1. In the range 84-130, what residues are surrounded by 17 or more Cβ atoms within 10 Å (Cβ to Cβ) and outside any strand (DSSP E or B)?
2. Condition first: under 15 Å from Val85 (Cβ atoms) and of a type in the set (Lys, Arg). Now tell me which residues in the range 126-180 satisfy that.
3. Read through the list (1) among the hydrophobic types (A, V, I, L, M, F, W, C); (2) in contact with a Leu (Cβ under 9 Å, 6 or more places away or on another chain); (3) in contact (Cβ under 8 Å) with a residue 60 or more places away in the chain, then give the number of the only condition that Ile79 fails.
4. Can you name the residue in the range 32-83 that is within 12 Å of Val117 (Cα to Cα) and of a type in the set (Lys, Arg) and, of all such residues, is surrounded by the fewest Cβ atoms within 10 Å (Cβ to Cβ)?
5. Determine whether Asp155 is at pLDDT 85 or above, in the same structural domain as Ser113 (by TED's automatic domain parsing) and either in contact with a strand residue (DSSP E or B) (Cβ under 6 Å, 6 or more places away or on another chain) or among the acidic types (Asp, Glu) (or both).
6. Could you say which residue among Arg42, Arg55, Arg73 is without any contact (Cβ under 8 Å) to a residue 24 or more places away in the chain and in a strand (DSSP E or B)?
7. May I ask you to list the residues in the range 25-39 that are among the aliphatic types (A, V, I, L, M), at pLDDT below 85 and not in a strand (DSSP E or B)?
Amino acid sequence: MDTQTLGILAGVALGVILGISWVIKSLIVICLPNEMVVISGRKRRTPDGREVGYRVLHGGRTVRIPIIEKISRLDLTTIPIEVGVQNAYSKGGIPLFVQGIANVKVSGREPISDNAVERLLNKPFKEIWSIAKDTLEGNLRGVLATLTPEEVNEDRLKFANYLIEEADEDLKKLGLELDTLKIQNVTDEVSYLDSIGRQQTAEILKLARVAEATRSSEAMQTEAAARQAAEVAGIQADLRITEEGNKLRVRKAELEALALASEAEAAVAGQKARVVAEQSLQQERIGLEQRRLEADVLLPANADRDAAEQRAKGAAAKISEDGKARLYVLEETIKLYQGAGSEAERIFILNMLPDIIKDISRSVGEMSIDKVTVIDSGGQAAGVGKAAGQLPAAIIQLTEQIESATGVNILSRLQQPGGPEKG
């Protein structure tokens, strides 16, 4: 195959590809965000049950059936409209001239979009603009008839809201939406609004002058009140300063009293500590003294006591043994006396006689007479002689009585060498 044939085949293939691309492009419908595509040619049922011969595409893409379906487009961009009416009578019969600006667009929302398809499809932009303008101006005249010139002029926002409410329903029936509406100017040919303005201006000026005078008076009153308040504040400040000074002095006195009390408490605490320390030291001294006493006195005393107890026990044992021996002797003596019969009493006295004689001789031998006083009415010599004569007689009489009782001559026993102990 030569080069010419290859070129022809390539051209045919390219043409086929381009033709297929053109066919596909003509069948694919693309809807931009600011438009609404109406595809007509086939019947379909709407959500409210109506049968229509079109379908609406809001953005995106779809495929149309060639020959059967036809494509139409509606622009959804904003349409600015200048609205103005002349000699529109307001409430009260005052003719007004009103100017405003409105922004209107074809609605892409169902079911309003169906009204737009039915009423505005394939209409030129100027015709749509004219329909919207006429509708808004008619609604403007209707709203003006319900408001006074003062209401229209003073509260334009309220007037615009009334106008939007009035025109919105009519525009929706046409498939349009009112985005914004602003009133720019309100005038009249008879200078009614100017008169009202001058009257209001005069009233405002009067109120301003009154307000200025009132404010001036209030300012003076305020200034006087401020001066008075300043003076009162100064006095109160002085009083507060004095009160605070008094409080400060009182607080200083309290702090000084607390300091003195703290010092006194510290001194007392020191004294208490010293007393406690001295008491502890004294207790230690007492303990040492007790231990010293125990070592120096108690232990020797205890030792002496123990020794005395032992000696007492020994003496008691000796006394007990002596007692037992004497008891034995006494028992034997009693037995001897009992065996002697009637001579027992004489034997008992004879046994006691040596002790009696010993005691008498000891008392006489130890007797020391320093002075003898004799009282006698017959004279001193006679009294002394009588006293000297009575003493031997008394001794002799005593010995005679003992001899008569015991049968023993004591004087003869005393004259024997060694006394009665040898007998």
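1. Across the range 84-130, the qualifying residues are Ser90, Ile94, Ser107, Gly108, Ile112, Ser113, Asp114, Asn115, Ala116, Val117, Leu120, Ile128.
2. Correct list: Lys133, Arg141, Arg156.
3. Among (1) among the hydrophobic types (A, V, I, L, M, F, W, C); (2) in contact with a Leu (Cβ under 9 Å, 6 or more places away or on another chain); (3) in contact (Cβ under 8 Å) with a residue 60 or more places away in the chain, Ile79 violates only (3).
4. Ranking the candidates gives Arg73 first.
5. It is false that Asp155 is at pLDDT 85 or above, in the same structural domain as Ser113 (by TED's automatic domain parsing) and either in contact with a strand residue (DSSP E or B) (Cβ under 6 Å, 6 or more places away or on another chain) or among the acidic types (Asp, Glu) (or both).
6. Arg55
7. Once the filter is applied, which keeps residues that are among the aliphatic types (A, V, I, L, M), at pLDDT below 85 and not in a strand (DSSP E or B), the range 25-39 yields only Leu27.
Yes or no, residue by residue, for (1) charged (D, E, K, R); (2) assigned by TED's automatic domain parsing to the domain that holds Glu150; (3) closer than 30 Å to Thr146 by Cα:
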{"position": "Arg61", "(1), (2), (3)": "yes, no, no"}
{"position": "Pro66", "(1), (2), (3)": "no, no, no"}
{"position": "Asn87", "(1), (2), (3)": "no, yes, yes"}
{"position": "Ser90", "(1), (2), (3)": "no, yes, yes"}
{"position": "Asn103", "(1), (2), (3)": "no, yes, yes"}
{"position": "Glu110", "(1), (2), (3)": "yes, yes, no"}
{"position": "Asp114", "(1), (2), (3)": "yes, yes, no"}
{"position": "Arg119", "(1), (2), (3)": "yes, yes, no"}
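The values are calculated or read from the model by the stated rules, or taken from the named source; none is laboratory data. These numbers come from a predicted model, not from an experiment. A quick note on method: Cβ atoms are made from the backbone with ideal geometry, for glycine too, and the neighbour counts reach across all protein chains shown.
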